[in-house]
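Note sheet for the following structure.
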Amino acid sequence: MRTSNAPVPGRTRGREPGGVSGRLPRPLVVPAVLGLVFLVLPLAGLLIRAPWSTLPARLAEPQVLQALRLSLVTATVATAICLLLGVPLAWLLARTAFPGRRLLRALVTVPLVLPPVVGGVALLLVLGRRGLVGSWLDQTFGVTLPFTTAGVVIAEAFVAMPFLVISVEGALRGADRRFEEAAATLGASRWTVFRRVTLPLITPGVLAGAVLCWARALGEFGATITFAGNFPGTTQTMPLAVYLALETEPEAAVVLSLVLLAVSVIILASLRERWVGGA
C-alpha cells in the first residue's frame with residue numbers, strides 16, 4: 001500500500017494544529033525575555049553568592065540543623081493533620097449538594113489569598129489565651145497553643161490545607177463514578193466504597209495535594225511568627241531562621257535559603273507532569 005507525502009489539509013509546515021504559529025511574535029520577545037530575567041535573576045544571584053566552599057560546615061551548624069529539623073517535623077505533622085481533615089472536607093465539597101456550598105468553598109480557599117500575618121492574628125484571636133477557644137482550653141485543660149511548637153503546626157496547617165483540599169476536590173470531580181456505583185450495586189457500604197474504590201482512584205490527587213501542602217507548610221513565615229513567635233529550638237523554623245540570620249549572619253541565611261530553594265525545585269520537578277502535562 002503506497003503512502004502519500006502530501007501535506008494534510010488544514011495544516012501547514014511550521015505551524016501548530018489549528019494554524020497557530022509555534023514561533024513567538026516579535027513584539028512579545030522583549031517583554032518575555034524581561035519577565036524571564038526578572039524571575040530567574042534573583043535565583044541566580046542566590047546561587048552565585050552562595051558560600052559553596054563552606055556549605056557543608058554551614059549546614060552542620062547547630063542552629064541550622066535545629067531549624068531544619070523543626071521545619072521538617074512541623075511541616076510533616078501539619079500535612080498529616082491536613083490529610084486527616086482535608087480529604088473529608090474535599091469529599092464534602094465535591095460529592096454533596098447543600099445550601100451554601102459555594103460560600104463554604106470560598107471560605108476554604110481564603111487562606112490562599114489572605115496575608116499570612118492576618119492569618120496569624122486571626123489564630124491569636126481564636127486560640128490565644130484570651131481567644132474565643134483558647135481561653136476555654138487554658139482554663140479547662142491548661143493547654144496553651146501560642147508560642148509553642150504546636151502553635152507552629154497549627155499555623156502551618158491553616159495556610160497549607162487549601163492546597164490539599166483543592167487538589168483532592170479536583171481529583172474527586174474527575175474520578176469515574178461508575179466504579180463506585182458498581183461497588184455499591186454489589187452491596188458495599190459507603191465507607192467500603194470510599195476506602196476500597198474512591199480513595200485508590202484519587203490517590204494521585206491526594207499525593208500531589210499532600211506534597212504541595214507539605215511544601216507550603218515548610219515555607220510558611222507570616223502566620224508562624226505572628227502566632228508562634230521566633231524561639232530557637234521551639235518555634236524557629238527555616239524561614240524564620242533566614243529572617244533572623246539575614247541581620248546577623250548573612251551566609252547562614254543564604255545556606256538556609258538554598259535548602260528551601262532545593263526543596264521547591266524538587267517539588268516542582270516531581271509534580272511537573274501533573275500540573276503542566278509533561279510539556
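Structure notes:
- Out of Ala75, Ala80, one residue alone is at pLDDT 90 or above, surrounded by 19 or more Cβ atoms within 10 Å (Cβ to Cβ) and of a type outside the set (Asp, Glu). It is Ala75.
- Matching residues in the range 212-227 - criterion: being of a type in the set (Ser, Thr, Tyr) and open to solvent by 10 Å² or more (accessible area, probe 1.4 Å): Thr226
- Hey, Thr149 more than 19 Å from the chain's Cα centre (by Cα), at pLDDT 95 or above and under 24 Å from Arg69 (Cα atoms) or not: yes
- Filtered residues of the range 168-180 (kept if at pLDDT below 90, assigned to a helix (DSSP H, G or I) and open to solvent by less than 70 Å² (accessible area, probe 1.4 Å)): Gly174, Glu180
Results for (1) open to solvent by 60 Å² or more (accessible area, probe 1.4 Å); (2) over 30 Å from Val121 (Cβ atoms); (3) at pLDDT 85 or above, shown as yes or no for each residue.
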{"position": "Ala182", "(1), (2), (3)": "no, yes, yes"}
{"position": "Val197", "(1), (2), (3)": "no, yes, yes"}
{"position": "Gly229", "(1), (2), (3)": "no, no, yes"}
{"position": "Pro232", "(1), (2), (3)": "yes, no, yes"}
{"position": "Val242", "(1), (2), (3)": "no, no, yes"}
{"position": "Glu247", "(1), (2), (3)": "yes, no, no"}
{"position": "Leu260", "(1), (2), (3)": "no, no, yes"}
{"position": "Glu273", "(1), (2), (3)": "yes, yes, no"}
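- Test result for Arg69, open to solvent by 60 Å² or more (accessible area, probe 1.4 Å) and part of a helix (DSSP H, G or I): yes
- Per the conditions (1) open to solvent by less than 20 Å² (accessible area, probe 1.4 Å); (2) on the phi > 0 side of the Ramachandran plot, the sole criterion not satisfied by Gly187 is (1).
- Filter result for Ala90 (under 16 Å from the mean Cα position of the chain (by Cα) and on the phi < 0 side of the Ramachandran plot): yes
- Residues of the range 156-167 that turn out to be in contact with a Lys or Arg (Cβ under 6 Å, 6 or more places away or on another chain) and open to solvent by 20 Å² or more (accessible area, probe 1.4 Å), as a count: 1
The values are calculated or read from the model by the stated rules, or taken from the named source; none is laboratory data. All values reported here derive from a predicted model rather than from experimental measurement. Counting neighbours? That spans all protein chains shown, and the Cβs are built from the backbone with ideal geometry, glycine included. Calculation scope for accessible area: heavy atoms of the full protein, side chains included, ligands and nucleic acids excluded. Shrake-Rupley method; radii C 1.70, N 1.55, O 1.52, S 1.80 Å.
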